[in-house]
Amino acid sequence: LRITLQDSLVAPIAASETVKAKIILDPGHGGYDPGATYNGIFEKDIALDIAKRVRKYLVEMGQYVIMTRETDKTVSLKERVDIANREKPDLFLSIHANASHNPDIRGLETHWYTLQSRPLAMHVQNQMVNYLVTPDRGLKHSRFFVIRNTNVPAVLAEVGYMSNPMEMYQLMTDERREATAKAIAEGIMSFLLSKTPEEAAPTGRN
């Protein structure tokens, strides 16, 4: 059985031409902090690669993107928050890969803390679930430092479980990383469009 998935990012790109925003992408971990590690593969590298792909899509959509790190360097949690609060972006999104002691667990999660961040989490999680064939583990109300101390809508996306052998294999492929990046970019744009009802609903109805 062969299933073909068609890329559905075209319409949101066209619709987003009138939406301009400043976005901070935060690839988790980095430098001496590798994050989760399995079979010599580091979470920090997966997060950075996906973040760069997300940036590519957002820039193509006319958005201004700031990265908390663009190389394998150490950036403290406080430094990440300081960047966000200094730059005053429209939103902040941190990218991570998950891990568990139970190797059977896999799937996608998006974490939020403040009420202003929950709509962003919903948009990002919905698009990841649309793009990726893996369980929807839903939204999580969490106290991660980078989303708890950031003044703007801020979420942390867990893009899969490195501790699950099948999902780990997928996370190492360009196909999974590209689909994840498209999903996150589309979720961000969907959130931004939801804040401009005159653009999202040409009839004028909210």
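The table that follows gives values for the structure above.
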| quantity | calculated |
| --- | --- |
| Probe 1.4 Å, all protein chains present, accessible-area order of L139, L108, largest first | L139, L108 |
| Surface accessible to a 1.4 Å probe, H96 within the full protein complex, Å² | 30 |
| K20 accessible area, 1.4 Å probe, all protein chains in place, Å² to nearest 10 | 130 |
| Å² of accessible area per residue within the stretch 46-118, as computed with a 1.4 Å probe and no ligands counted | 46 |
| Backbone HN-Hα couplings from phi across the stretch 55-64 [Karplus 6.51/-1.76/1.60, Hz, Gly and Pro as x] | 4, 4, 5, 5, 5, 4, 8, x, 8, 9 |
| Theoretical ellipticity at 222 nm over the chain - DSSP helices of four or more residues, -39500 (n - 2.57) apiece, nearest 500 | -12500 deg cm²/dmol |
| Residue order for E186, E60 - accessible surface, 1.4 angstrom probe, largest first | E60, E186 |
| Distance from the stretch 157-196 to the stretch 113-148 (C-alpha centre basis), Å | 11 |
| V75 accessible area, assembled protein chains, probe 1.4 Å, Å² | 20 |
| Carbon plus sulfur fraction of accessible area for the chain, probe 1.4 Å, in percent | 53 |
| Cα-based convex hull, the stretch 132-179, per residue volume (Å³, whole number) | 107 |
| Signed unit charges on C-beta, dipole axis of the chain, positive-most listed residue P34, T68, M172 | T68 |
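The values are calculated or read from the model by the stated rules, or taken from the named source; none is laboratory data. Quantities reported herein were computed from a predicted structural model and do not represent experimental measurements. Reconstructed Cβ throughout: ideal geometry from the backbone, glycine too, with neighbour counts over all protein chains shown. Accessible surface areas use protein heavy atoms only, side chains included; no ligands, DNA or RNA. Shrake-Rupley method; radii C 1.70, N 1.55, O 1.52, S 1.80 Å.
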